[in-house]
Amino acid sequence: MIFGGLGLRSMMLASICAFGMVVAAGSAQANERRQEMASLPDAEIHKTADYVFVEKGKRRLTVWRDGGLLATFPVRLGRTPTGAKSREGDGRTPEGVYSIDYRKSDSSFYRAFHISYPSPMDSVIAQKQGVSPGGAIMIHGLPNDADKDAAKRIHKYVDWTEGCIAMTNSEIDELWQMVPPGTPIEIIP
């Protein structure tokens with residue numbers, strides 16, 4: 001038995017189901033993105049990301065298109081930056097492959113991209129541990145209700161979120177122009 005009583009066979013079945021759900025969702029999102037891309041001018045298409053990569057240890061987010069680097073941004077993470085998110089309230093940023101499933105311009109923070117955490121596997125593991133996996137993981141700017149200068153100073157040196165990935169407001173504005181909903185995001189240690 002592994003994962004607190006979750007048998008190997010059950011784990012494999014859950015993995016196969018999760019993979020199938022990701023493929024199906026990705027296919028639908030890819031069709032939507034192709035339709036969006038067809039209506040964009042050529043100059044904008046070349047700035048549209050098809051992949052976002054976050055390296056937690058380097059506090060770095062990179063944006064890619066067709067294997068070429070479009071942009072690099074410094075980021076801040078959850079207040080407990082080491083380790084993968086395993087439950088609500090742990091202060092950790094998730095690790096794994098997800099997608100940007102929607103964008104919020106009316107967030108408590110300056111703009112936000114919602115990350116599709118928890119994955120089906122994250123949920124299964126948390127359930128077996130008897131905890132909630134959490135959710136509402138975003139890439140966002142600084143808090144809307146904070147003193148902007150103080151927030152920028154703190155942001156420069158401290159991992160301060162509850163598990164989200166934080167950027168400055170000007171960096172979020174740049175990212176907003178490049179990353180549409182449906183873009184895959186990979187987060188590694």
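Details
- Qualifying position, being more than 19 Å from residue 56 (Cα to Cα) and part of a loop (DSSP other than H, G, I, E, B), among 107, 170: 107
- Residue in the stretch 24-42 that is at pLDDT 95 or above, among the aliphatic types (A, V, I, L, M) and either within 28 Å of residue 170 (Cα to Cα) or part of a loop (DSSP other than H, G, I, E, B) (or both) present: no
- Boolean, residue 114 is within 25 Å of residue 65 (Cα to Cα), free of Cβ contacts under 8 Å to residues at least 60 places away in the same chain, in contact with a Cys (Cβ under 7 Å, 6 or more places away or on another chain) and not aliphatic (A, V, I, L, M): no
- If the condition is being charged (D, E, K, R) and farther than 13 Å from residue 167 by Cα, then the stretch 57-75 contributes 58, 65, 66.
- Residue 157 meets the conditions (1) touching a helix residue (DSSP H, G or I) at 6+ places or on another chain (Cβ under 7 Å); (2) surrounded by fewer than 17 Cβ atoms within 10 Å (Cβ to Cβ); (3) not acidic (Asp, Glu) in every case but one. The failed one is (1).
- Residues (crowded, with 18+ Cβ neighbours inside 10 Å, of a type in the set (Val, Ile, Thr) and not in a helix (DSSP H, G or I)) located in the stretch 110-135: 115
- Restricting attention to the stretch 136-166, the residues being of a type in the set (A, V, I, L, M, F, W, C), outside any strand (DSSP E or B) and within 19 Å of residue 91 (Cβ to Cβ) number 9.
- Restricting the stretch 95-109 to residues that are free of Cβ contacts under 8 Å to residues at least 40 places away in the same chain and not acidic (Asp, Glu), the residue that is surrounded by the most Cβ atoms within 10 Å (Cβ to Cβ): 107
- Residue-level check: of (1) among the aliphatic types (A, V, I, L, M); (2) surrounded by 16 or more Cβ atoms within 10 Å (Cβ to Cβ); (3) at pLDDT below 95; (4) over 18 Å from residue 84 (Cα atoms), residue 175 misses just (3).
- Checking residue 152 against (1) surrounded by fewer than 17 Cβ atoms within 10 Å (Cβ to Cβ); (2) within 19 Å of residue 54 (Cβ to Cβ); (3) among the charged types (D, E, K, R), the condition it does not meet: (2)
- Checking each residue in the stretch 66-94 for being touching a residue at least 40 places away in the same chain (Cβ under 8 Å) and of a type in the set (D, E, K, R) picks out 76, 79, 85, 87, 88, 90, 92.
- Test: residue in the stretch 65-79 that is in a loop (DSSP other than H, G, I, E, B), out of contact with any Leu (no Cβ under 8 Å at 6 or more places or on another chain) and closer than 26 Å to residue 151 by Cβ: yes
The values are calculated or read from the model by the stated rules, or taken from the named source; none is laboratory data. In this text the structure is predicted, and so the values were computed from the model without any measurement. Because the Cβ atoms are built from the backbone with ideal geometry, glycine has one as well, and the counts that use them run over all protein chains shown.
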